[in-house]
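A quick write-up on the structure given underneath.
Each value in this text was obtained by applying a stated rule to the coordinates, not by laboratory testing. This one's a predicted model, so the numbers in the text were calculated from it and none came from an experiment. Here the Cβ positions follow ideal geometry from the backbone for every residue, glycine too, while neighbour counts run over all protein chains shown.
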Amino acid sequence: MSEAYAFFAKHYDRFMEEAPYEAWVDWIGETLQSLDCYEGPSLKILDLGCGTGNIAIPLAVSGHHVVGTDLSEPMVKIAEEKSSRLDADIQRRLKWRVQHMAHPNPPEEVYDAVICCCDSLNYLTDQQEVKNVFRHVRATLHNGGLFLFDVHTPQQLQNYFAEQPYIWNDPDVAYIWTCDWANSETIVHELVLFAENGQGTFERIEEKHHQRVYRMEWLKETLREMQLEPVQITSDFSPFAPMDESRRMFFVCVAI
């Protein structure tokens with residue numbers, strides 16, 4: 001893992017302090033209850049792309065057993081550190097693993113639900129990798145289990161480009177974030193970060209992140225190929241179907 005991403009992980013929660021994590025947790029909880037998934041006091045949930053645990057930890061606090069996985073070892077270490085400050089009962093309901101969602105180890109457990117939030121799938125720019133994720137999800141779910149995920153829409157990528165640049169400026173850390181198109185389906189986020197190094201000067205670090213948009217029809221077709229049936233597709237934390245101007249699509253799928 002590069003030094004740059006280790007730096008980004010260190011400040012990730014600060015940079016994402018306005019992200020609507022509570023809305024994601026509410027959506028997951030309400031969906032699980034509305035589809036009558038509870039056979040006991042809690043569910044076994046796999047969180048793909050868990051980051052620093054901002055969704056996995058509240059789900060564990062609410063009583064679920066959650067395994068959080070992420071490609072970034074620094075992010076997972078922060079999630080572990082955050083969860084270590086929780087009550088012992090909650091800590092026992094949380095596990096963390098460093099793992100690529102598209103190239104995982106063979107499943108060790110069967111889950112009631114798999115989640116993949118915060119447009120994590122959009123960071124996979126190869127269609128085959130997305131198929132690998134769906135195949136892995138189906139292998140880890142029991143029949144009738146749920147797969148919940150969200151993705152950016154084409155409109156959101158257009159918005160990124162139109163609304164740039166994004167600027168963060170704190171006394172100890174700052175960034176300039178710009179966007180450019182790699183092709184008609186993929187945008188490149190370029191970040192120039194400045195961090196105080198403890199010696200009275202700042203270090204400059206550069207990062208690039210790619211995101212690809214996936215069309216609804218392709219996602220539906222590919223999910224069905226992997227025996228994951230989409231039963232709900234909504235937008236922007238609402239109960240309404242996606243429209244041309246929607247920024248985010250939410251999928252609820254059942255393993256068949």
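Annotation: extensible slack from residue 33 through residue 186 equals 51.6 nm (criterion: 0.36 nm per residue apart, minus Cα-Cα distance). Working ranking of peptides 42-49, 175-182, 57-64 by packing, defined as the average number of other Cβ atoms within 10 Å per residue, highest first, is 42-49, 57-64, 175-182.
Tell me the volume per residue, in Å³, of the convex hull enclosing the alpha carbons of segment 40-90. The partial results should precede the final answer.
Working: hull volume 3.0 nm³, N = 51.
Expressed per residue, the convex hull around the Cα atoms of segment 40-90 is 60 Å³.
Under 5 Å from the amide H of residue 111 lie the amide H atoms of 141, 142, each residue being 5 or more positions distant or on a separate chain, with H modelled from the backbone and absent for Pro and chain starts.
In the chain, helical runs assigned H by DSSP with n ≥ 4 each contribute -39500 (n - 2.57); averaged across all residues and rounded to the nearest 500, the mean residue ellipticity at 222 nm is -9500 deg cm²/dmol.
Computed on segment 155-212, the Cα convex hull volume stands at 67 Å³ per residue. Segment 122-186 to segment 192-233: how many Å between their Cα centroids? The two parts, judged by their Cα centres, are 3 Å apart.
A cut-off under 11 angstrom between Cβ atoms defines the neighbours of residue 91, and their net charge, with Lys, Arg +1 and Asp, Glu -1, is +2.
Taking only the C-alpha atoms, wrap a convex hull around the chain and report its volume per residue in Å³ as a whole number. Kindly include the intermediate steps, with their values, before the conclusion.
Values: hull volume 32.8 nm³, N = 256.
Spread over its residues, the Cα hull of the chain gives 128 Å³ apiece.
Comparing mean-square fluctuations of 114, 173, 188 from a GNM of the chain with C-alpha springs under 10 Å, the top value falls on 173.
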